[in-house]
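Scroll down for the structure; my scribbles are underneath it.
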Amino acid sequence: MSPKHHAGGRTRGPMSVAIVLGLCCFFYFLGAWQRSGSGKVDNIAATVSRVTNCTIVSDTELDFEPRHKYVGDFESSEVIVKQYKPCHIKYKDYTPCQEQDRAMKFPRENMIYRERHCPPKEENLRCLIPAPEGYTTPFPWPKSRDYVHYANVPYKHLTVEKAGQHWVEFQGNVFKFPGGGTMFPQGADAYIDELASVIPITDGSIRTALDTGCGVASWGAYMLKRNVLTMSFAPRDNHEAQVQFALERGVPAVIGVLGSIRLPYPSRAFDMAQCSRCLIQWASNDGMYLMEVDRVLRPGGYWVLSGPPINWKTYHKVWKRTKEECRAEQRKIEELAEQLCWEKKYENGDIVIFRKKDNAESCKRKPVNICKSQDPDDVWSGNFTGGFCRYKELETCVTPYLDVPSSNEVAGGKLKKFPARLYATPPRIAQGLVSGVTEESYQEHNRKWKNHVNAYKNINKLVGSTRYRNIMDMNADLGGFAAALESQKSWVMNVVPTIAENTLGVIYERGLIGIYHDWCEGFSTYPRTYDFIHANGLFSLYEDKCEYEDLLLEMDRILRPEGIVIIRDAVDPLNKVKQIARGMRWDVKLMDHEDGPFVPEKILYAVKQYWVGGENNSTSSSR
């Protein structure tokens, strides 16, 4: 009997061949479909990814715990193409666009010399800004509000100059901030309580605030107790390190000044604004500065002025001014306020409070000089001066109210009280003012970012804790990342790049804060002011716009030692970023998207190693 199968035969039945070919074709087309670029993952693929746990691309393990010492060599066998050297220790507080030597070359008129003046590209530092010797992780919030390590900001000037005003005191190896200020010697709490007798600060109606000329930002620090986020700004001037102190305390702040250019915020951004002896000449330039505050103040919002010329009857001799001069200045401010459709609600002692009317129908008289610009959110000129873009210059004109169907409506749309405001559909989206964004896509955006942030927390258990107090989102879009992280433990500076879709107005309508910025230039902050930097799609956005190297060196400048970076982007940009970052004393790990390896978007996690500079320009990676 001849056998049916030959031991060494290679024949297969037709059915077997057909099955094999069918499976090959099926998996070929399945893979092609999943990689089609739709940006969404099929449920089956996502399930397979989770089961097989194919998430880690790099073999470097990251340690997120603060150690104040060298974290360790890279385990990767990849060759570091370029190793970046430390800058000289004299650059430890380097602010590229607010350096004193460059500033003094510009006119003092309208504070132009205190505005942003960035170096040309060929003068960019291509080195790592060192931390001062003895640098240590800031105190956790809320202790950081009251205490700052001297080694981190070693400047005692304000302890002497403001000794009688309770700004800051030096005690041993720390600075103490007792919560005082020039106009609130009894403390910020007492001052805010007086404001709250007129302004609904505590019920969620007031969420975003602006402090012009903030000092060490004690007002903003104590407004946080009322769940109010304050954007504080002050120039880099002879009050050494005031904004640096603010950020070291865990309080939002930027280097800035109200001078000749528009503030880098959208219209209708703030629920209230205040000037506490900020020394801005509100009555000068035909009211140009008050008109700019009006642009960024929400209809129904409040403006507080405490300090000169208010209460001039008591203080005019101390100010070395005549009664007539002070009286005329206050009268001029009140006339300008009336032209802006602001109503004076309160005056007592050193404080006066105005409220902006809800709409134009409520105004007693129409403003004479209406701004011709069709977009009050447009603060970036696109024109180049000295090789760099500039913000638009201030104009002596009044930003018009948006039209309302009835006199009972709020121009621009009424906002819910916070925290309901955080996830309610913002008026700009509901009214179709944001290109390509609907109420449905907005809610999907929020769901997506909740998932992303949960994935971050699974990788790094410290995300969402007080370990990362000061957080920056470099390409904030609609603010979903910040909303998913919202808590009293941290705050997020939402940056909307000037070349991206203008969504910053939406972010403010959600009760979050942020700023416009061009990432081809240095950010308006001191070194080592953020614990956690997040960048979604930023490097794809800036491809061919500026060098990745400069972007990453700027991130390193503003990131604290042992701070973290999370970058979401396509594979090609992230591979370039990883190569540069590995030469910057960052520990890096490239990982797949949380939904699995079939998603084109990848995630790079990084930890900045602890190291400090020395007086002889040496560096140390241990305390």
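The values are calculated or read from the model by the stated rules, or taken from the named source; none is laboratory data. Source: prediction; values computed, not measured. Note: ideal-geometry Cβ built from the backbone for every residue, glycine included; neighbour counts use all protein chains shown.
See the values below:
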| item | result |
| --- | --- |
| Test: residue in segment 396-417 that is buried (at least 17 other Cβ atoms within 10 Å of the Cβ), touching a Cys at 6+ places or on another chain (Cβ under 8 Å), at pLDDT 95 or above and not in a loop (DSSP other than H, G, I, E, B) | yes |
| Which listed residue is of a type outside the set (G, A, S), in a helix (DSSP H, G or I) and touching a strand residue (DSSP E or B) at 6+ places or on another chain (Cβ under 7 Å), from E361, E343, E334 | E334 |
| Qualifying residue in segment 27-47 (condition: of a type outside the set (S, T, N, Q), modelled with pLDDT of 50 or more and within 26 Å of the chain's Cα centre (by Cα)) | no |
| Contacts under 6 angstrom Cβ, first residue in segment 439-461 being more than 14 Å from N536 (Cα to Cα) and assigned by TED's automatic domain parsing to the domain that holds I429, partner at pLDDT below 95 and of a type in the set (A, V, I, L, M, F, W, C), 6 or more apart | N460/F64 |
| Complete set of residues in segment 229-238 that are in contact with a strand residue (DSSP E or B) (Cβ under 9 Å, 6 or more places away or on another chain) and not in a strand (DSSP E or B) | P235, R236 |
| When residues of segment 95-123 are limited to those that are part of a helix (DSSP H, G or I) and among the basic types (K, R), the one farthest from E547 (Cα to Cα) | R114 |
| Per-region count, segment 478-517, residues touching a helix residue (DSSP H, G or I) at 6+ places or on another chain (Cβ under 8 Å), part of a loop (DSSP other than H, G, I, E, B) and within 21 Å of K545 (Cβ to Cβ) | 2 |
| Matching option when the condition is surrounded by fewer than 16 Cβ atoms within 10 Å (Cβ to Cβ), within 23 Å of A234 (Cα to Cα) and of a type outside the set (S, T, Y), among M111, M104 | M104 |
| Residue count for segment 239-298, restricted to those that are in a loop (DSSP other than H, G, I, E, B), crowded, with 23+ Cβ neighbours inside 10 Å and of a type in the set (A, V, I, L, M) | 5 |
| Per-region count, segment 179-223, residues closer than 24 Å to P154 by Cα and over 26 Å from the mean Cα position of the chain (by Cα) | 1 |
| Test: residue in segment 161-173 that is touching a Lys or Arg at 6+ places or on another chain (Cβ under 6 Å), farther than 16 Å from A246 by Cβ and in contact (Cβ under 8 Å) with a residue 24 or more places away in the chain | no |
